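Some notes on the structure that comes next.
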Amino acid sequence: MKRINTFRKLIFFTTLAATIFMFQACNEDSNVVEAVSTEEELDLVENGSESEAVVDEDLQIIDQSVEETAASGGRVAGDSLCVTIIRDGVAKTITLDFGDGCIGPYGRERSGKIIITYGGTFDDEMANRVITFEDYYVNNKNITGTILLRDINRNAEGNLTATRALEDYTIHYPDGNIFVMNGSTTREWLEGEGDGILSNNVFRITGAYEGVSTRGRGFTHTITVPIITDFSCRASGGFARVSGVKEMVINGIDRNRTRTVDYGDGTCDNEITVTINNKVYTITGS
């Protein structure tokens, strides 16, 4: 009788273990193929594009500010940039103070401060830079985190290149949601360097980054066709990013679902084309 009971217990625990294993396997598999709405995917693209645009524009403003303070050697009012620029040679910093808010060259209201700290000789244009923010807002959205500009160099074509790394770069929306980006891209300055005209600048961007969407989804963006950023288009009311393609993956959700973001063929417009499993959507902006 004792041997029969032991055998029954063995069957019971074996069955229980198999059931638990099957439940866990199904649960893990469901994470892989979990459905996500197209609306959520498009929101992720839109938020990502907004974040990229603000970074692109801020680096434009920073480049121009560095040139202006280098020429003046101290404190200047960048009227065209809607900012007061303070150069501190001892601390190796340049502070861009937007005050309580003003609308600058890209039609966005900025307030607070951007602080650029040099990692080498202050007057060395190739010195690494650390960019941080203090009570910084763009159109009532708080920006936090760090941008690192490093490995600044000239390539074989003579173009200025730099690695642009984002460290917990975060947009805090008024409703409490946040959008976070981390990763590294290379920015190559193709046209307009040093002429002091923001709308003349053209860049080529390659690389990849990852982040967390406003709905808490992890994602990765990989640039598969170099992105061209043309600020003459931005000056005329279109998107600065006029061509290039990136692929988007939402972590843990239907990895076989193809998502591409196409910035166009170089034509100046305010549209981004998003393809999700052969269905094409268009995101427009101002």
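Nothing in this text is a laboratory measurement; each read-out follows from the coordinates by a stated rule. Worth saying up front: this structure is predicted, and the values here are computed from it rather than measured. All Cβ positions, even for glycine, are placed from backbone atoms using ideal geometry, and neighbour counts span all protein chains on display.
Within 11 Å, Cβ to Cβ, of residue 109, how many net charges do the neighbouring residues add up to if Lys/Arg are +1 and Asp/Glu are -1?
+2
What are the ³J(HN,Hα) couplings of region 169-179, residue after residue, when phi is run through the Karplus curve with 6.51, -1.76, 1.60 and θ = phi - 60°? Round to Hz, x for glycine and proline.
Per residue, the Karplus-derived 3J(HN,Hα) values read 5, 10, 9, 9, 7, x, 7, x, 6, 10, 10 Hz.
How charged is the neighbourhood of residue 209? Take every other residue with its Cβ under 10 Å from the Cβ of residue 209, and add Lys/Arg as +1 and Asp/Glu as -1.
So the environment of residue 209 carries a net charge of 0.
How many angstrom lie between the C-alpha centres of region 231-286 and region 146-195?
Taking the Cα centre of region 146-195 as reference, the centre of region 231-286 is 19 Å away.
Averaging the inverse of every distinct alpha carbon separation and then flipping it gives the Kirkwood radius. What is it for region 180-263, in angstrom units?
So the Kirkwood estimate lands at 14.1 Å.
Under a Cβ-only charge scheme (Lys and Arg +1, Asp and Glu -1), can you give me the dipole magnitude of region 229-286 about the Cα centre, in debye to the nearest 20?
Roughly 260 debye, rounded to the nearest 20.
Say R0 is 22 Å: what FRET efficiency, to the nearest 0.05, do residue 271 and residue 199 get from their beta-carbon distance?
Computed FRET efficiency for residue 271 and residue 199: 0.65.
R0 = 30 Å: FRET efficiency of residue 80 with residue 282, Cβ-based, nearest 0.05?
0.35
Once amide H atoms are placed 1.01 Å from N in the peptide plane, what residues at a sequence separation of 5 or more from residue 285, or on another chain, have their amide H within under 5 Å of its amide H?
So residue 285 has HN proximity to no qualifying residue.
Take region 124-211, drop everything but the C-alpha atoms, weight them equally and run the Debye formula without solvent; then report log10 I(q)/I(0) at 0.14, 0.15, 0.24 Å⁻¹ to two decimals.
Cα-only, vacuum Debye calculation for region 124-211: -0.61, -0.69, -1.19.
Give the peptides 93-105, 236-248 in descending order of average Cβ contacts within 10 Å, highest first.
Final packing ranking: 236-248, 93-105.
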